[in-house]
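Let me begin by presenting the structure, written as structure tokens, before commenting on it.
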Amino acid sequence: MNKIKTKLIASLLSVLLAAAMIVVSSYAWLTISSEPEVGGLKIQIGSSNSIMLAADTVVENGDGSVSHYPGEFSSVLDFADYATYDYLGSLGSLTPVSTYDGLHWVQADFYTDDDPEVQQGLALPGQMKPYSQLPVDKSLQYANLTEAQKGNSTKGCYVYLDFWVVSPARNCELRISTSNDSDTGSFVIGQMVPVANGDGSGYVLADGNYTAAASVRLGFLTNQETADYKDVQHYLGSPDYAEAYTHLLGRFQEPGETPGQYSAITNRFTIYEPNGNLHSNGSSHYQITQPLQVQGNNIAPADISDRLTVQLENRWKMDATNEQTMLAREFFVATYGVQDKYNSVEAVADYFYNRHLQGVYAPYVEKGYFVNSTKALYDEADANGFVAEDSVALHIADRATDEIVITKLQKNIPQRIRMFVWLEGQDADCVNFGSISSFLINLEFAGNEM
């Protein structure tokens, strides 16, 4: 994207999401067993000096209300350094949900033997109920759950977190993007996993099942609402206060509140769909996703071409011989001679990914470019929502989707962004497969001067 002049690189948003998926219905969606765990959301964001980042500082006021304000702005933000984000290390497994606006989270619900429709022969046990009967989470009730909190629920849960962005030099538009730089870029990719050698001589790095990576979505909720007076007062008294930043933007509902209690008329919700042409059947077409929109008592699939940025499939890079991935080669070099120190797959995986790579995966990934125009992609779809593999719209790619802007940053005005991670139940690959898939997420933003 030639217009982009300023990069904000969120380099190392690594999400290790173990998702053991089991089929319960031939109609739609799926559930995830209670055994898989999210191995912690490990996030470090880096940026150029022209766009700065800060953690979200959260304090409880004497009247029971909660205030948010930015911590110290810098070019690097490691969420592990802040108690605000401790919950990211103890998350339970994700289960599919669907959202159009980041405010209404439609959850799956399935018929059981006790339902009148089943007893009358009008439905089958395990069949998903009609859209109109699906439960909707409007109060963040099923967000950021630990495995103990989630229990055996199959209704769907998701993750969110807040952070602050500021552009000190100019007004700019913010987008999700990728890069030619091997050390940066946005991607979601299935994790390669260590497995024991058949001869008992140690471990090798093997391909995992990456299908779940096609159903992952990231969403960004923003608005231009002025922060509460108490938030600004807290910031003015904070040791992290910077004199240039006296006005704060961005207000969002708190857990337990509903959109009706606080509804920003300037809300904007954009969705990042990675691996748009990755499918469990091996094909490379694109199939339009229509998340469920809630309007009053009506729930129906919605067109999201005005808020969706689509990226093509991400792959692990192959080495010079084209016989193994660069990551597998790195694993062999890194663990050669020390594998006997590790008595489990988990131990050797921890050594390689956390201590050796230290969360740096981008150099080993061939990052898919972004479809230039989501509207053009949607215009190419047939009546069933399919875009052919050889479609021009699918393959006119660039570093970012041209018309999809996360937010417009005003010079020297910090803005809070609420980011979500979920499995989209309306995605075509969120149906009819059972697999174990862990995946990794890297994130990069890009801004261009307005």
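The values are calculated or read from the model by the stated rules, or taken from the named source; none is laboratory data. Owing to the predicted nature of the structure, the values given are computational and were not obtained by experimental measurement. Backbone-built Cβ (ideal geometry, glycine too); neighbour counts: all protein chains shown. Please note that ligands, DNA and RNA were not included when accessible areas were found on the heavy atoms of the full protein model with its side chains. Shrake-Rupley method; radii C 1.70, N 1.55, O 1.52, S 1.80 Å.
For the stretch 244-339, the dipole from Cβ point charges (+1 on Lys and Arg, -1 on Asp and Glu) about the Cα centre works out to 120 debye, to the nearest 20.
Note on the chain: dipole from Cβ charges, positive end direction compared against Ala227, Ala376, Phe163; the farthest Cα belongs to Ala227. Under a 5 Å amide H cut-off, with hydrogens placed 1.01 Å from N, Thr57 pairs with Tyr69, Gly71 among residues at least 5 apart or on other chains. With the highest mean first, a sort of the peptides 440-449, 92-101 on other beta-carbon atoms found within 10 angstrom per residue produces 92-101, 440-449. Computed over protein heavy atoms with a 1.4 angstrom probe, the accessible surface ordering of Arg355, Arg217, largest first, is Arg355, Arg217.
Net charge around Met318, counting only other residues with Cβ within less than 13 Å of its Cβ (Lys, Arg = +1; Asp, Glu = -1)?
My count for the surroundings of Met318 gives -2.
Remark on Gln127: its backbone amide H falls under 5 Å from those of Tyr111, a criterion applied only to residues 5 or more positions apart or on other chains, H modelled at 1.01 Å from N.
Is there a pair in Lys375/Lys408; Lys155/Lys408; Lys317/Lys375; Lys129/Lys375 whose C-alpha atoms are over 27 Å apart, and which pairs would that be?
Working: Lys375/Lys408 20 Å; Lys155/Lys408 35 Å; Lys317/Lys375 30 Å; Lys129/Lys375 31 Å.
Table pairs above 27 Å Cα-Cα are Lys155/Lys408; Lys317/Lys375; Lys129/Lys375.
Placing +1 on each Lys and Arg Cβ and -1 on each Asp and Glu Cβ, with no other charges, gives the chain a dipole about its Cα centre of roughly 840 debye.
Placing unit charges on the Cβ atoms only, positive for Lys and Arg and negative for Asp and Glu, gives the stretch 294-333 a dipole magnitude near 60 debye about its Cα centre.
Summed over qualifying helices (DSSP H, 4 residues or more, each -39500 (n - 2.57)) and divided by its residue number, the chain shows a 222 nm mean residue ellipticity of -2000 deg cm²/dmol.
Along the stretch 221-226 the Karplus relation, 6.51 cos²θ - 1.76 cosθ + 1.60 evaluated at θ = phi - 60°, assigns HN-Hα couplings of 9, 9, 7, 9, 6, 5 Hz to successive residues, with x for each Gly and Pro.
Under a 5 Å amide H cut-off, with hydrogens placed 1.01 Å from N, Arg418 pairs with Leu221 among residues at least 5 apart or on other chains.
So what is the accessible area of the chain per residue, in Å², with the probe set to 1.4 Å? All intermediate terms of the calculation are to be shown ahead of the outcome.
Values: 18740 Å² over 450 residues.
Result: 42 Å² per residue.
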